[in-house]
Structure formats: C-alpha cells, structure tokens
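The values are calculated or read from the model by the stated rules, or taken from the named source; none is laboratory data. All figures in this text were calculated on a predicted structure; none of them were measured in a lab. Cβ placement follows ideal geometry from the backbone for every residue including glycine, while neighbour counts extend to all protein chains displayed. Heavy atoms of the whole protein, side chains included, go into the accessibility calculation; ligands, DNA and RNA do not. Shrake-Rupley method; radii C 1.70, N 1.55, O 1.52, S 1.80 Å.
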Amino acid sequence: KIEELADAAATAAADLKAATEIRAKEAADFAEEEKEMVKTIDELTGATSVMDKGGASMVQLKKAHTVEQALAVMVQASAFSATDAKQLAALVQTSAQSDDDDEELAAPAGATYENHSGGIVDLLHSLLEKAETKLADARAAETKSVNDFGLLKVSLEDEIKYSNLDMATAKKDLAEATETKGTA
C-alpha cells in the first residue's frame, strides 16, 4: 500500500509539472496571438475611421480591382502606412486561404470593387468585426483554459496531499505492526 501511494503521489506530481509547463506555453502563445490581434484591430480601426471620413478618394477606389490595389490607394492617400497595408493584405489573403469557417473573411471579387465605391469601407468594417470576434473568442478560450488548469491543479495537489497523508498513516501502521510483531 505504501508503494502504491508513493507511486500515486509521484505520478500526480509529474502530471502537475507537465500540466504547468503546457499551461505556461499556452499562456505565452495566447499572449502573442492576442498582441497580434489587438494590433490588427487597431490598424483596421484606424483605416476604417480614415475611410469613413473620406481620407482616400472614392474615385480612385472605384478603379481598384483587388484589395491590394485598394490598400495601395489608401497608402498613397496616407490612410495608413505601407507596412500596415501589407499586414492587412496578408490578413485578407490568409483569410481567403483559411478553413471553411473563415471563408466569409475572403475579399469579394474584383467586380464588386468596380461597382461599389463603398466596397472597400465595407470590407474594412467586415474585417474589423471578424477580427474583434476572433479576439473575443480567443480570450474566452484562454479564460476557459485558465479555469480548467486551475481545477486540474487543485485536483492533482489534493491527490498528492491525500496520498502523502495516507502514506504517512500506512507507515505509522506498519511501524506499529512491526513493533507488535517484534514484541510477540
């Protein structure tokens, strides 16, 4: 029984250590993802506010056949920096290539931009909404992960504690039995 309890305590301690390491990695990954998403949301917010105020010429935007061309027009109109435009273009391209759940993030066909001067603004608003939703979902998942880890940690710590208490009791009983046997 003492060996079984010692093994149980050692296994729980190893599980706790592994879970703590995994949680630390998950937390670091989330922090990086959240940082990037917040940056993207800030860039989209800035771009949409400039576009809402008419910062880029709608006539120029009408001539844009692709999102990259539209972003280039906005850069020339000082809506945001070239780096921001590249990041937004990459976001749109990534969205277009991602799994079916994110398919609605893909940019509409070029013809849409020819016919609707507000298409770029609508696209930016749509991307902003999707990014905010994705950030909220990531934060909710992180909160759930933290709570799940907390429950696992308490459970494993309790298992270690009670295994050690049971082991101490079993050792005491063994010592008493050994003494009784020796006396007999």
Item to check | Alpha-carbon centroid distance for the pair segment 116-184 / segment 19-43, whole angstrom | outcome: 18
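Full-extension gain between E157 and K17, please, as 0.36 nm times their residue separation minus the C-alpha to C-alpha distance.
Answer, rounded to one decimal: 49.3 nm.
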Checklist entry - Once you list every other residue whose beta carbon is under 12 Å from the beta carbon of N147, what net charge do they have if Lys and Arg are +1 and Asp and Glu are -1? => result +1
Checklist entry - Counting only protein heavy atoms, what percent of the accessible surface of segment 130-184 is carbon or sulfur at a 1.4 Å probe? => result 58
